[in-house]
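Data first, discussion second: the structure below is written as structure tokens.
Just so you know, all these numbers are worked out from the coordinates, no wet-lab data involved. These numbers come from a predicted model, not from an experiment. No Cβ is skipped: glycine too gets one built from the backbone with ideal geometry, and neighbour counts run over all protein chains shown.
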Amino acid sequence: MTKTNRIIALSTDLDRSYNHLRVSYTDYVMRTGNTPFVVPFTTNRQQLQSLLQQADMLLLTGGDDVDPALYGEERHAACGPVSAERDAYEWILLDVALGMHLPVMGICRGLQVLNVYFGGTLYQDLAAQYERSGLLQHRQTEGRSVRTHQVCLKPDSLTARWCGTDRLTVNSLHHQAVRRVAEGMDVVGTSADGVIEALEHRTLQVIGVQWHPEELDAPLTLPFAD
Ligand SMILES: [Mn+2]
């Protein structure tokens, strides 16, 4: 049975002094039969702890690049804008959520946050740093809801179960990607060029996807629902 009416805490982006989040994320959660709750920006751990007490799951949303300093690298010229405030907020939020044993889902930047949090690294820019040939267009020029490349999922993965298939065509709105996979995480999805599109933690209820399910019409469920 699919569990619905869970309270899903969403991390927010920041736009100067505003909490700032695309409507597609909150709509997505509502379309899955759950209740979204946008966690306001603060770096006060106790405050985040009491806010997350209201939640059944954390969803780390998309946004700008993670500061490469968080994985021990100098910033590459092709790295996009970063926000020290947002990084600090999401790091504490994730820390608190894991401490409370909440399931965590990461979308796009959210996947990258998860990988860096657990000790992995990122390509700061696929076009500039990806070693293999045949790199697909991961920063699509089509609209956000257009599906442009395939992803193969490990058939026995949680992500495949959630998506209801082990092969799907997704949208692609990223220029960075997972480089060194964090200890404890498994690659469960890749595109034809070998770019990592989905990760799951081996022991924790943590999954991340590089595409944007909130912009698509399926799947209309959230992971960890059964
Ligand atoms: Mn992609």
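Here is how the numbers come out for the structure above:
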read-out	value
Sorted by Cβ neighbour density within 10 Å, fewest at the top, the residues Ile8, Ile92	Ile92, Ile8
Mean separation of Cα contacts under 8 Å, 6 or more apart, over the residue count of the chain: relative contact order %	21
Principal semi-axes in Å for the range 150-194 [√(5λ), Cα gyration tensor, largest first]	18, 15, 8
Debye equation applied to the C-alpha atoms of the range 22-86, log10 I(q)/I(0) at 0.16, 0.22, 0.23 Å⁻¹	-0.74, -1.02, -1.05
Additional length obtainable on full extension of the chain from Asp27 to Ala128, 0.36 nm per residue less Cα span	32.9 nm
Residues Arg86, Arg202 arranged by fewest to most Cβ contacts within 10 Å	Arg202, Arg86
Relative contact order for the range 98-226, counting Cα pairs under 8 Å that sit 6 or more residues apart, in percent	33
Order of Val113, Val181 under a 10 Å beta carbon neighbour criterion, fewest first	Val181, Val113
Approximate shape of the range 59-128 as ellipsoid semi-axes (Cα gyration tensor, √5λ), whole Å, largest first	22, 11, 11
Range of Cα positions in the chain per principal axis (Å), largest first	47, 41, 34
Given charges at beta-carbon only (K, R positive; D, E negative), |dipole| of the chain in Debye	340
